[in-house]
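> One structure follows; several queries about it will come next.
The values are calculated or read from the model by the stated rules, or taken from the named source; none is laboratory data. Keep in mind that this is a model prediction, so the values were computed, not measured. Here the Cβ positions follow ideal geometry from the backbone for every residue, glycine too, while neighbour counts run over all protein chains shown.
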């Protein structure tokens, strides 16, 4: 699978991209900038910024929305975490991941450092997006179901592939970068509802970028990190299928299947929020009119987004119970409704 993806990655140029694909890439970038700036004032963002200031480093790239410049590694880390902290960033449901959050921060940092062109940036983004989503689709639902956070594990491939394309790596260097990215693949769903969830794409962005910098210097790695005995596919998935991930490669771009969130919560809560808002508006429902609400949800929703007793705003983003409550009361589910002061017992 890696060999096929490498050929596609290295051979595709900006002129091969259709206008609608380029337009969608621009939409992803605009969305990413908005959600990242929105996450700047979150407590976890402040902690990360203060930490990287203490660590220091070359002033190579900016932390978005601030006058601070730091190393490309630290800039990718902080911007990646900030872009995911509101859980408002884009989603690719077939890949079970948030593709832009671990990818754009790495490109943003490296691109600023090396002063790349806008065309190079967009091409690298769209191809990095292809890599991470297609590898994630090949890993299958068993990967996510086992408890892995695909945004973190597979996002490293996107960051490495995107920055590698931007940096002009040759085939062997690119294979090394992907191998380095793959061996760093980590991030578990046990942390959902805490600050650590948003740390995942930040670390994926930084690790993917680091993989490229090392590969440029000849740092070796397996060139078949996914397949074979003890490859990532057999270790982290029970239904790894390369052909599922490669289907349509070069004919259709996965970025066309991205979803932009209307609500600041886990995507699995969105159908229920939509349903409650529709009923509220159609029947002019008020909380005092409702005795009980029963919802049928998917397995993944039950597993990832049904915390029964959320005590913080972050936990509320992964609580269909809480999301139902605010949708019924407010008729919306904006970021301001997921603050700690809105926690259980203070919704109504």
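> Looking at the stretch 261-276 only, could you name the residues that are farther than 12 Å from residue 88 by Cα and surrounded by fewer than 19 Cβ atoms within 10 Å (Cβ to Cβ)?
Matches in the stretch 261-276: 271, 274, 275.
> Return a yes/no flag: does the stretch 23-39 have any residue that is assigned to a loop (DSSP other than H, G, I, E, B), surrounded by fewer than 19 Cβ atoms within 10 Å (Cβ to Cβ) and out of contact with any helix residue (DSSP H, G or I) (no Cβ under 7 Å at 6 or more places or on another chain). Explain how you work it out, then say what you get.
Going through the stretch 23-39, the residues assigned to a loop (DSSP other than H, G, I, E, B) turn out to be 39.
Still in the running and surrounded by fewer than 19 Cβ atoms within 10 Å (Cβ to Cβ): none.
Within the stretch 23-39 (the criterion being assigned to a loop (DSSP other than H, G, I, E, B), surrounded by fewer than 19 Cβ atoms within 10 Å (Cβ to Cβ) and out of contact with any helix residue (DSSP H, G or I) (no Cβ under 7 Å at 6 or more places or on another chain)), the answer is no, since none of the residues qualifies.
> Which numbered condition trips up residue 58, out of (1) in a helix (DSSP H, G or I); (2) closer than 24 Å to residue 168 by Cβ; (3) without any contact (Cβ under 8 Å) to a residue 60 or more places away in the chain?
Condition (1) is where residue 58 drops out.
> Now for a separate question. Check 327, 305, 333 and return the single one that is modelled with pLDDT under 90, closer than 29 Å to residue 94 by Cβ and crowded, with 21+ Cβ neighbours inside 10 Å. Don't jump to the end; show me each part of the working.
Numbers: 327 fails: modelled with pLDDT under 90; 333 fails: modelled with pLDDT under 90.
Testing whether each residue is modelled with pLDDT under 90, closer than 29 Å to residue 94 by Cβ and crowded, with 21+ Cβ neighbours inside 10 Å leaves just 305.
> Next question. For the stretch 97-140, what are the residues that are surrounded by 24 or more Cβ atoms within 10 Å (Cβ to Cβ) and assigned to a loop (DSSP other than H, G, I, E, B)?
Matches in the stretch 97-140: 98, 99.
> Given the condition on the phi > 0 side of the Ramachandran plot and outside the structural domain of residue 305 (by TED's automatic domain parsing), answer yes or no: does some residue in the stretch 202-221 qualify? Working first, answer last.
If we filter the stretch 202-221 for residues that are on the phi > 0 side of the Ramachandran plot, which is where we start, we get 218.
Still in the list and also outside the structural domain of residue 305 (by TED's automatic domain parsing): 218.
Checked against the condition, which is being on the phi > 0 side of the Ramachandran plot and outside the structural domain of residue 305 (by TED's automatic domain parsing), the stretch 202-221 yields at least one hit.
> On to the next question. Would you check if residue 325 is farther than 30 Å from residue 22 by Cα, outside any loop (DSSP other than H, G, I, E, B) and not assigned by TED's automatic domain parsing to the domain that holds residue 93? If you could, list the steps in order and put the result at the bottom.
Working: farther than 30 Å from residue 22 by Cα: yes; outside any loop (DSSP other than H, G, I, E, B): yes; not assigned by TED's automatic domain parsing to the domain that holds residue 93: yes.
Yes; evaluated as a whole, the condition is true for this residue.
> Taking the residues in the stretch 214-248 that are within 30 Å of residue 49 (Cβ to Cβ) and free of Cβ contacts under 8 Å to residues at least 40 places away in the same chain as candidates, determine which candidate is surrounded by the most Cβ atoms within 10 Å (Cβ to Cβ). Walk me through it before giving the result.
Just the residues of the stretch 214-248 that are within 30 Å of residue 49 (Cβ to Cβ), to begin with: 214-217, 219.
From what's left, free of Cβ contacts under 8 Å to residues at least 40 places away in the same chain: 214, 217.
On the way: 214: 16, 217: 8.
It comes out as 214.
> Additional query: Inspect all residues belonging to the stretch 181-204 and state whether any of them is touching a strand residue (DSSP E or B) at 6+ places or on another chain (Cβ under 6 Å) and under 18 Å from residue 245 (Cβ atoms).
Checking the stretch 181-204: not a single residue is touching a strand residue (DSSP E or B) at 6+ places or on another chain (Cβ under 6 Å) and under 18 Å from residue 245 (Cβ atoms).
> Same structure, new question: Does residue 157 meet the test of being under 14 Å from the mean Cα position of the chain (by Cα), within 21 Å of residue 227 (Cβ to Cβ) and touching a residue at least 40 places away in the same chain (Cβ under 8 Å)? Explain how you work it out, then say what you get.
Numbers: under 14 Å from the mean Cα position of the chain (by Cα): yes; within 21 Å of residue 227 (Cβ to Cβ): yes; touching a residue at least 40 places away in the same chain (Cβ under 8 Å): yes.
So residue 157 passes the test.
> Which count do you get for residues in the stretch 162-187 that are in a helix (DSSP H, G or I) and either closer than 20 Å to residue 150 by Cβ or touching a helix residue (DSSP H, G or I) at 6+ places or on another chain (Cβ under 8 Å) (or both)?
Step one: of the stretch 162-187, the residues in a helix (DSSP H, G or I) are 162-167, 171-183.
Now drop any that are not either closer than 20 Å to residue 150 by Cβ or touching a helix residue (DSSP H, G or I) at 6+ places or on another chain (Cβ under 8 Å) (or both), which leaves 162-167, 171, 173-183.
Summing the residues that are in a helix (DSSP H, G or I) and either closer than 20 Å to residue 150 by Cβ or touching a helix residue (DSSP H, G or I) at 6+ places or on another chain (Cβ under 8 Å) (or both) in the stretch 162-187 gives 18.
> Related question: In the stretch 75-96, how many residues are closer than 28 Å to residue 142 by Cβ and in a helix (DSSP H, G or I)?
Within the stretch 75-96, residues that are closer than 28 Å to residue 142 by Cβ and in a helix (DSSP H, G or I) number 7.
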